[in-house]
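The values are calculated or read from the model by the stated rules, or taken from the named source; none is laboratory data. The structure presented is a predicted model; accordingly, all values stated were derived computationally and were not measured. Neighbour counts are summed over all protein chains in view; Cβ atoms, including those assigned to glycine, are modelled from backbone coordinates with ideal geometry. SASA here: full protein model, heavy atoms, side chains in, ligands and nucleic acids out. Shrake-Rupley method; radii C 1.70, N 1.55, O 1.52, S 1.80 Å.
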Amino acid sequence: MVDPLSEVVGMLQPGAAFSKVVTGAGRWSARQPFAGHPFFCAVLEGSCRLAFDGQAPLTIEEGDFVLMPANPGFTASSLTQRTSTKRREAISLHSSSTSPFSDLGDKRFGRQKGPADVRLLGGYFVFGSPDAALLVSLLPVLVHVHGEARLATIVKLLAEESRQQRPARGVIIARLLEVLLMEALRSTDASTASPGLLQGLADTRLAAAIRQMHETPSRPWTVAELAKEAALSRSAFFERFSRAVGVPPMQYLLDWRMALAKDLLRRGEGKMVEVAERVGYSSASTFSTAFTRHVGHAPRRYALAMKVRRTSSLNA
């Protein structure tokens with residue numbers, strides 16, 4: 001059976017992890033502006049406040065794990081009275097260097113002497129997929145998991161691997177990140193998650209329709225046929241799907257087909273007519289029209305650009 005969550009995470013191509021230990025004591029506040037990379041954080045001991053832009057502040061405690069697939073920037077602070085904005089420090093979890101593995105020294109905020117009130121392992125990684133923005137939009141905006149020891153173990157393994165120059169390091173980091181993402185997502189309480197794929201899969205009826213879309217994207221699906229797969233009336237299915245996933249069913253299907261098409265074109269798999277058929281279009285011309293409208297470039301132009309990019313990366 002096709003696993004939609006695994007497909008989305010795999011296509012995101014996570015890799016190149018960077019992490020560091022951050023501690024805080026006394027009264028402190030630290031600001032990390034928009035970094036453009038997914039953020040993760042495991043609380044090793046103690047507690048603090050974490051406020052992502054556009055989200056309600058979180059109190060995170062020992063054993064908690066936080067993941068922000070599309071990181072808009074955030075502020076971390078002590079639970080005691082917050083410091084003023086003028087005294088706020090810069091977190092700089094992400095290295096300013098071109099290498100995401102440099103600048104690995106630990107960082108301390110607030111009182112510099114004595115025991116720390118909180119110790120965090122926080123970091124970033126990158127998504128290799130050029131279509132990451134679309135795929136990330138299918139995931140929850142924020143993942144906050146309590147007391148999952150497996151997540152803390154994966155994070156520690158990831159931190160250790162990112163600090164060492166060992167054979168197959170890049171492959172291992174990519175696999176650990178895939179496991180980390182999937183473990184975090186499936187550990188999330190879907191009832192409290194923001195609309196997206198996770199909430200849709202938590203609904204057994206909607207999950208049946210979503211799996212069919214992923215398993216046979218080439219089929220000319222209609223809302224009525226998908227509603228039948230979900231054992232719901234057409235109107236009930238449409239409303240329930242839109243509320244849980246955040247987009248109407250046919251928009252989700254179109255987004256997924258275009259993500260598949262871009263992946264096939266990027267890897268150079270098949271002729272244009274074959275790609276068109278595999279993502280549900282009866283001809284190369286209808287596929288080209290839909291792709292151009294959705295992506296902004298004709299599929300042949302996109303495929304050529306990806307080929308040039310691939311060649312450049314190999315020669316770099």
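Being over 19 Å from L138 (Cα atoms) and open to solvent by 70 Å² or more (accessible area, probe 1.4 Å) is the filter here; which residues of the stretch 235-250 pass it?
First, pick out the residues of the stretch 235-250 that are over 19 Å from L138 (Cα atoms): 235-236.
Listed by number, the list holds a single entry, S235.
Considering only the stretch 128-234, give the helices (runs of 4 or more DSSP H) lying wholly within it that have at least 1 residues that are under 22 Å from L58 (Cα atoms) and among the β-branched types (V, I, T). Walk me through how you get there before you give the answer.
Numbers: elements: 132-136, 149-162, 169-187, 197-202, 204-215, 223-229.
Answer list for the stretch 128-234: 132-136, 149-162.
Checking R257, R309 one by one, the residue that is of a type outside the set (F, W, Y), out of contact with any helix residue (DSSP H, G or I) (no Cβ under 7 Å at 6 or more places or on another chain) and surrounded by fewer than 13 Cβ atoms within 10 Å (Cβ to Cβ) is R309 and no other.
If I filter the stretch 260-276 down to residues being surrounded by 14 or more Cβ atoms within 10 Å (Cβ to Cβ) and either of a type in the set (F, W, Y) or over 21 Å from the mean Cα position of the chain (by Cα) (or both), which single residue comes out as farthest from V136 (Cα to Cα)?
V273
A count restricted to the stretch 172-186 and to residues that are charged (D, E, K, R) and free of Cβ contacts under 8 Å to residues at least 40 places away in the same chain stands at 2. Tell me, yes or no, whether the stretch 9-26 has at least one residue that is over 13 Å from the mean Cα position of the chain (by Cα), surrounded by fewer than 18 Cβ atoms within 10 Å (Cβ to Cβ), closer than 22 Å to S137 by Cβ and not polar (S, T, N, Q). So far as the stretch 9-26 goes, no, none of its residues is over 13 Å from the mean Cα position of the chain (by Cα), surrounded by fewer than 18 Cβ atoms within 10 Å (Cβ to Cβ), closer than 22 Å to S137 by Cβ and not polar (S, T, N, Q).
So which strands (runs of 3 or more DSSP E) stay within the stretch 1-118 end to end and still have 1 or more residues that are at pLDDT 85 or above and of a type in the set (S, T, N, Q)? Give the steps one after another, and end with the answer.
Details: elements: 14-25, 29-32, 39-52, 58-61, 65-68, 74-77, 107-110.
Result: 14-25, 29-32, 39-52, 58-61, 74-77.
Determine whether the stretch 225-234 contains at least one residue that is touching a residue at least 40 places away in the same chain (Cβ under 8 Å) and open to solvent by 20 Å² or more (accessible area, probe 1.4 Å). Checking the stretch 225-234: not a single residue is touching a residue at least 40 places away in the same chain (Cβ under 8 Å) and open to solvent by 20 Å² or more (accessible area, probe 1.4 Å). If you filter the stretch 277-300 down to residues that are among the charged types (D, E, K, R) and within 27 Å of the chain's Cα centre (by Cα), you find that the one that is surrounded by the fewest Cβ atoms within 10 Å (Cβ to Cβ) is R293.
Being touching a Ser or Thr at 6+ places or on another chain (Cβ under 8 Å) and not small (G, A, S): is that true of L206 here?
Details: touching a Ser or Thr at 6+ places or on another chain (Cβ under 8 Å): no; not small (G, A, S): yes.
No.
Note on the stretch 161-218: among residues that are in contact with a Gly (Cβ under 7 Å, 6 or more places away or on another chain) and within 16 Å of V141 (Cβ to Cβ), the one that is least open to solvent (accessible area, probe 1.4 Å) is G196.
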